[in-house]
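*Asks:* Have a look at the structure that comes next, please.
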Amino acid sequence: MASGDRSDKVETGMVPEVANPGLARPPLVYLGAIALGLLLHFAWPVRLVPRAVSVPLGGTAVLVAVALFLYAVREFRIAGTPVPGNRPTTTIVRTGPYRCSRNPIYLSFSLLQLGVACWVNSLWLLVTLIPAMALMSFVVIPREEQYLETRFPSDYLPYKASVRRWL
């Protein structure tokens, strides 16, 4: 590493440009889990709940997931910060659903998959949700938290201490 490169990193405080530059893009993580769950379901169907409750329960969960997603995105837009993790964050959002969860969008993705699992009545969709949430919990979210801690230490650290990651 050249000395100029080193001084650039010191001056910028080693703050990455974006929170999530990697291939583990959250929508793709959940879409992949849903696709795999549906493939398994069609190959070997295993019911999750009684048929009488699958559609009402699943439909309700899907509606709640969509409403939570739209509410969370609205709060980002009001704050003037981009939603995608591959764009630079401009501020820490603490309003709306971000008062109760640091990751309401990811929570909505998980709830959406849970709702689809109930609606389709597929245990496999529930089973594939587990590795998706693990990938989010152990890879994606920690990387984003590190980015936010470095970029907004005085704002993010108190927020992180006062609001749970999921619920």
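*Asks:* Need pairs with beta-carbon distance below 8 Å; first residue without any contact (Cβ under 8 Å) to a residue 12 or more places away in the chain and within segment 130-155, second in a helix (DSSP H, G or I); sequence gap 6+ or separate chains.
*Replies:* 149/156; 149/157; 149/160
*Asks:* Could you grab the pairs with beta carbons closer than 9 Å, sequence gap of 6+ or different chains, first residue in segment 76-95 and on the phi > 0 side of the Ramachandran plot, second one β-branched (Val, Ile, Thr)?
*Replies:* 80/90; 80/91
*Asks:* In the set 161, 67, 117, 134, which member is exposed (fewer than 14 other Cβ atoms within 10 Å of the Cβ) and within 30 Å of residue 44 (Cα to Cα)?
*Replies:* That would be 134, the only listed residue that is exposed (fewer than 14 other Cβ atoms within 10 Å of the Cβ) and within 30 Å of residue 44 (Cα to Cα).
*Asks:* Take segment 1-43 and flag every residue that is loosely packed, with under 12 Cβ neighbours inside 10 Å, at pLDDT 75 or above and more than 19 Å from residue 140 (Cβ to Cβ).
*Replies:* 42, 43 - these are the residues of segment 1-43 that are loosely packed, with under 12 Cβ neighbours inside 10 Å, at pLDDT 75 or above and more than 19 Å from residue 140 (Cβ to Cβ).
*Asks:* Going residue by residue through segment 139-146, is there one that turns out to be of a type outside the set (Val, Ile, Thr), over 28 Å from residue 48 (Cα atoms) and outside any helix (DSSP H, G or I)?
*Replies:* Within segment 139-146, not a single residue is of a type outside the set (Val, Ile, Thr), over 28 Å from residue 48 (Cα atoms) and outside any helix (DSSP H, G or I).
*Asks:* Also: Looking at segment 50-59 only, could you name the residues that are more than 16 Å from residue 111 (Cα to Cα) and in contact with a helix residue (DSSP H, G or I) (Cβ under 9 Å, 6 or more places away or on another chain)?
*Replies:* If the condition is that a residue be more than 16 Å from residue 111 (Cα to Cα) and in contact with a helix residue (DSSP H, G or I) (Cβ under 9 Å, 6 or more places away or on another chain), then 53 is the only one that fits.
*Asks:* Can you name every residue in segment 85-105 that is more than 11 Å from residue 167 (Cα to Cα) and in contact with a helix residue (DSSP H, G or I) (Cβ under 9 Å, 6 or more places away or on another chain)?
*Replies:* 85, 88, 89, 90, 91, 92, 93, 94, 95, 96, 105, listed by residue number.
*Asks:* Condition first: in a helix (DSSP H, G or I) and of a type in the set (A, V, I, L, M). Can you find one or more residues in segment 81-88 that meet it?
*Replies:* no
The values are calculated or read from the model by the stated rules, or taken from the named source; none is laboratory data. As the structure is a computational prediction, the values presented were derived from the model and not from experiment. Note that we place each Cβ from the backbone using ideal geometry, even for glycine, and neighbour counts take in every protein chain shown.
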